[in-house]
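Reading through the structure tokens given below for one structure.
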């Protein structure tokens with residue numbers, strides 16, 4: 001990790017000269033690789049200056065303290081010259097203190113501005129001069145499977161990788177991305193890390209470490225939230241701390257998909273699902289009289305039922321028997337601590 005090997009050079013160097021061509025072809029390839037390496041290192045080094053470390057402390061009695069911890073650390077990337085930092089939201093949810101650390105070790109306090117639950121993005125504003133350049137945005141929609149990328153963290157470590165998939169991702173915490181980016185090999189410090197394209201432009205923010213099957217063998221990958229999801233909501237997040245639309249219904253159920261079925265793993269204490277009697281091991285088979293086809297479909301059926309507060313009728317299979325529940329949904333934000341006023 002930390003060594004940049006240009007993707008083009010890997011291909012060129014693999015094409016050894018034919019024995020009767022002499023060594024001139026190999027020498028030319030080596031010269032080209034060295035030149036490309038110098039260019040790419042300069043591009044990556046410039047972008048790395050925009051990536052910093054994000055640390056936060058969360059009160060012991062915060063709603064997310066038990067699941068996400070009270071001391072969180074990851075990365076963020078400066079997206080505006082005034083010290084606006086984009087990170088992954090779970091690092092700063094309910095944070096009472098945020099600290100930003102530059103590569104030279106200088107620490108600057110920050111303020112958690114916003115956390116958008118639909119995308120997963122979080123925003124932090126530096127309190128005081130950060131002195132770090134802003135990164136340029138790339139176009140995640142145009143990125144293709146196979147494209148070379150770099151995933152870089154706030155302490156200057158990075159992994160040279162490739163995009164291995166662009167597809168839907170459904171998370172157990174009532175979360176869906178229509179088209180997430182997946183890269184391999186994985187970065188061990190993925191949370192809030194910046195995904196950069198070959199030009200050093202920002203394609204997305206690191207969210208998860210997962211495993212995929214590669215010819216029957218498990219392979220480590222990272223899931224990335226695409227940067228194209230940010231511009232449509234950025235002004236709202238800066239002005240209001242959330243997107244200016246009715247909050248969507250939240251159940252407080254942590255679920256997994258098994259053979260197309262949605263299985264409840266646990267419920268948030270005091271949340272809507274717990275209050276309605278949903279239990280670990282329940283299989284959710286219907287929402288509003290419509291069959292559920294996988295985790296993503298389940299969430300979309302809930303979200304299209306109406307705004308937060310709407311009652312969600314569902315059929316569940318429990319110990320081989322059917323049960324009918326009505327879950328009065330809620331706004332998840334109402335369960336979370338608000339950031340201190342600045």
Given a 10 angstrom Cα cut-off, can you work out which residue in 150, 124, 316 is the most mobile in a GNM of the chain?
316
How far apart, in nanometres, would the label points at residue 127 and residue 321 be if each is projected 7 angstrom from Cα along the Cα-to-Cβ direction?
5.5
In a GNM of the chain with a 10 Å cut-off on Cα contacts, which of 259, 305, 75 has the highest mean-square fluctuation?
259
If I stretch the segment between residue 280 and residue 71 completely, what's the gain in nm (0.36 nm per residue apart, minus their alpha carbon distance), one decimal?
72.4 nm
Length gained, residue 142-residue 235, 0.36 nm per residue minus C-alpha separation, equals 31.1 nm
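Taking 41 Å as R0, compute the FRET efficiency from the Cβ-Cβ separation of residue 162 and residue 338 and round it to 0.05.
So the FRET efficiency works out to roughly 0.50.
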Please check: in the Gaussian network model of the chain (C-alpha springs, under 10 Å), which one of 206, 270, 309 has the largest mean-square fluctuation.
270
With r as the distance between the Cβ atoms of residue 104 and residue 244 and R0 = 30 Å, compute the FRET efficiency 1/(1 + (r/R0)^6) and round to 0.05.
0.20
Rounded to two decimals, what is Rg over Rh for the chain when you use alpha-carbon atoms and the Kirkwood radius?
1.04
Which distance in nm do the two modelled labels at residue 211 and residue 96 give, with both placed 7 Å along the Cα-to-Cβ direction?
3.8
Run the numbers for residue 118 and residue 311: contour at 0.36 nm per residue of separation, minus the present Cα-Cα distance, in nm.
67.5 nm
With just the Cα atoms defining each centre, how far is region 120-160 from region 260-293? Give it in Å.
36
One finds, for residue 291 and residue 80 with R0 = 45 angstrom and r their Cβ-Cβ distance, a FRET efficiency to the nearest 0.05 of 0.50
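No value in this document is a laboratory result; all are computed from the given coordinates. If you're wondering where the values come from, they're calculated on a predicted model, not measured in any experiment. Positions of Cβ are backbone-derived with ideal geometry, glycine not excepted, and every protein chain shown enters the neighbour counts.
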